[in-house]
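For reference, the structure is listed below as structure tokens.
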Ligand code: A3P
């Protein structure tokens, strides 16, 4: 196994020198790997993941682009699947961060972590597009969360600016905007990310549930019931009447989740290199905060880019 691991690392060291480079938001460079922009350590993990990660057909993945509501959906999915294991008055998520609920496969240590100890169905999160995941994962279920690109841009720019290496000049909003419209940001282009999951969801609707951040905000009871049914854990009539769906929605609303002591202090580790203060995962939690940052011209440009890219897909911005 060691020899195999060393060989993969060697191949990676060579391959990375051959890939197109672009500007990173957190680190200096991103590399275009099979159509998507990744930083070097995420790229290496992707290659190791493709070799060592062994999916099971019962696995359920939360797939999302960065800043589309991953933290929130982790809390919703975990608490829905495990609703018989915790009471709402003293819930696991009162004391632990949503990040800790299930592994983010993009930043795990392979082959050390094998996840064989996790209960079924295993839950995982990823920001990788399906084209960067092992082909056998098509037998698993995916919940894909998508969000207005303008809010994603602002949320991502603010978040990654805080994590940006101090050796680099700050990334201005104008620069981030330009890069985003050209598809260049961690895990981007955003439109290709959305489109790849969207197209797969049309082919396999029972395997991929396409959800939007906005719908979950506007009609959480409807969306959470859909999510539960998709995961094979639909709420019973009795649970609905008892207000279980309302309780989960209320517990993990932005106000509640962001107000919990556990989410206001401490850091979360992603892999060996990245540490993020937990409170950075909770900023405003609103639809349309982009209005406080983008001019009318910028709005038209970004909407135009996405309309053009999504044209004919059946997916409306
Ligand atoms: P904003 O920066 O627009 O506030 P991710 O978890 O994928 O990194 O996404 C982070 C975004 O989700 C941030 O958006 C954050 O505030 C928002 N968020 C976090 N918890 C939320 C919740 N419970 N409800 C709604 N939005 C939430």
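What follows is calculated from the coordinates using simple rules that are stated; it is not laboratory data. Computed from a prediction, not measured in an experiment: that's the story for all the values here. When we count neighbours, we look across all protein chains shown, and the Cβ atoms used for this are built from the backbone with ideal geometry, even at glycine.
Taking neighbour Cβ counts within 10 Å as the exposure measure, how do 58, 97, 41 sort from fewest upward?
Exposure proxy ranking, most exposed first: 58, 41, 97.
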inquiry  = At 7 Å along Cα-to-Cβ for each site, give me the label-to-label distance between residue 18 and residue 50 in nm.
reply    = 1.2
key: Rel. contact order, % - alpha carbon contacts under 8 angstrom, at least six apart, region 169-266   = 12
ask   = Taking only the alpha-carbon positions of region 25-105 and ignoring solvent, what does the Debye formula give for the base-10 log of I(q)/I(0) at q = 0.16 Å⁻¹?
value = -0.80
key: Square roots of five times the Cα gyration tensor eigenvalues for region 128-243, Å   = 33, 19, 12
query = Gain in length, residue 233 to residue 82, computed as 0.36 nm per residue apart minus the alpha-carbon separation, to one decimal in nm?
reply = 53.4 nm
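Throw me the Rg/Rh for region 1-51, computed over C-alpha atoms with Kirkwood Rh, two decimals.
So for region 1-51, dividing Rg by the Kirkwood Rh gives 1.00.
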message = Per q in 0.19, 0.21, 0.33 Å⁻¹, report the Debye log10 I(q)/I(0) for region 79-125, using one uniform scatterer on each alpha carbon and no solvent.
response = -0.71, -0.83, -1.32
request  = Evaluate the distance, in nm, between pseudo-label points positioned 7 Å from the Cα of residue 303 and of residue 316 along their respective Cα→Cβ axes.
outcome  = 1.4
message = Quick check: from the Cα gyration tensor, does region 1-155 come out rounded (a/c under 1.5), prolate or oblate?
response = oblate
key: Value of Rg/Rh across region 266-317 [Cα atoms, Kirkwood radius]   = 1.17
ask   = How big is the Cα convex hull of the chain in projection, averaged over all directions, in nm²?
value = 16.6
key: Alpha-carbon gyration tensor eigenvalues x 5, square-rooted, for region 211-317, Å   = 29, 24, 15
note = Row for region 231-280, column shape: gyration tensor on C-alpha, a ≥ b ≥ c, rounded if a/c < 1.5 i.e. under 1.5, prolate if a/b over b/c, else oblate; value oblate
ask   = What FRET efficiency would be calculated for the residue pair residue 291, residue 172, taking the C-beta separation as r and a Förster radius of 22 Å, to the nearest 0.05?
value = 0.70
request  = Compute the distance in nm between two label points, each set 7 Å from the Cα along the Cα-to-Cβ direction, one at residue 246 and one at residue 283.
outcome  = 3.3
message = Can you compute the helix-only [θ] at 222 nm over the chain? Use -39500 (n - 2.57) per DSSP H run of at least 4 residues, normalise by all residues, nearest 500 deg cm²/dmol.
response = -12500 deg cm²/dmol
key: Cβ-derived FRET efficiency at R0 35 Å, residue 161 paired with residue 261, nearest 0.05   = 0.85
query = What relative contact order, as a whole-number percentage, does region 209-272 give when Cα pairs under 8 Å and 6 or more residues apart are counted?
reply = 20
Highest-first arrangement of 187-200, 303-316, where packing means the average Cβ count within 10 Å = 187-200, 303-316
key: Debye intensity ratio I(q)/I(0), log10, region 65-211, q values 0.15, 0.18 Å⁻¹ (C-alpha model)   = -0.93, -1.22
Antiparallel DSSP beta bridges within the chain, as percent of all bridges there, nearest 5 = 40
inquiry  = Let me check against my output: what whole-number percent is the relative contact order of region 1-131, with C-alpha pairs under 8 Å and at least 6 apart?
reply    = 28
